[in-house]
Amino acid sequence: MELLKNFKGTLLEICKTYEIKSYRACNLLILTSIEGIVRTLGQYLIDKQNLEIDLNQEFNSLDSYLRKISWKPDYEISDTKYKLLTGDWDFKRDNIDPLKNININLKQRLDFLRRRFKEDRDMILHGLESDYGKEWHLFVNFSALEQVYETFEYYMKKYK
């Protein structure tokens, strides 16, 4: 995909650092790639969704970028998958129709990047956490990257 070409070198380096088991470096590269890819996708969607954005407003954090822009609810997803992604599910009370689709926006789709993932990311990138070289960190970060890529791919197909 053309919009991801700027990330090719970093994504290749992620693979190399993983192969040599340099997990801290790999995790850092994944975290920065996620932020860059989300912002690239956001710029694309601002254009495609014809959003009016105040150019004077700053979006320094990924959290404010996702939260403060009025994204259109144009991501179709099954209600079941959305509940599984968010963890917002009460097995005893929720009566989900597994065939029902709902429309969500970019913030809702990537909201996991604003919660616990954000806290862990901030601690690592601000030097407050140094123990992030475990394989389970890789699992969390690769999973997040996969979800971001899946979202990116969805929107590229939707607006081609």
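The values are calculated or read from the model by the stated rules, or taken from the named source; none is laboratory data. These numbers were taken from a predicted model, which means no experiment stands behind them. Note: ideal-geometry Cβ built from the backbone for every residue, glycine included; neighbour counts use all protein chains shown. For accessibility, only protein heavy atoms count, side chains too; no ligands or nucleic acids. Shrake-Rupley method; radii C 1.70, N 1.55, O 1.52, S 1.80 Å.
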Working with all protein chains in place, sort 152, 59, 139 by solvent-accessible area computed with a 1.4 Å probe, largest first. 139, 59, 152
Any idea what angle helix 116-125 forms with the longest principal axis of the chain, computed on alpha-carbon atoms, 0 to 90 degrees, nearest 10? 30 degrees
With every protein chain in place, the stretch 1-128: carbon and sulfur % of accessible area (1.4 Å): 49 percent
Per-residue ellipticity at 222 nm for the chain, helices alone: DSSP H runs ≥ 4 residues times -39500 (n - 2.57), over residue total, nearest 500 deg cm²/dmol? -18000 deg cm²/dmol
Which whole-number value in Å² is the accessible area per residue of the chain, probe 1.4 Å? 63 Å²
My understanding is that a pair violates if its Cα-Cα distance is over 31 Å; which of 134/158; 83/134; 8/72; 107/160; 8/134; 72/118 do that in this structure? 134/158
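Largest first, what is the accessible-area ranking of 54, 63 with a 1.4 Å probe?
54, 63
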Could you tell me which of 44, 132, 26 has its Cα farthest along the dipole of the chain towards the positive end, charges placed at Cβ (Lys, Arg +1; Asp, Glu -1), taken about the Cα centre? 44
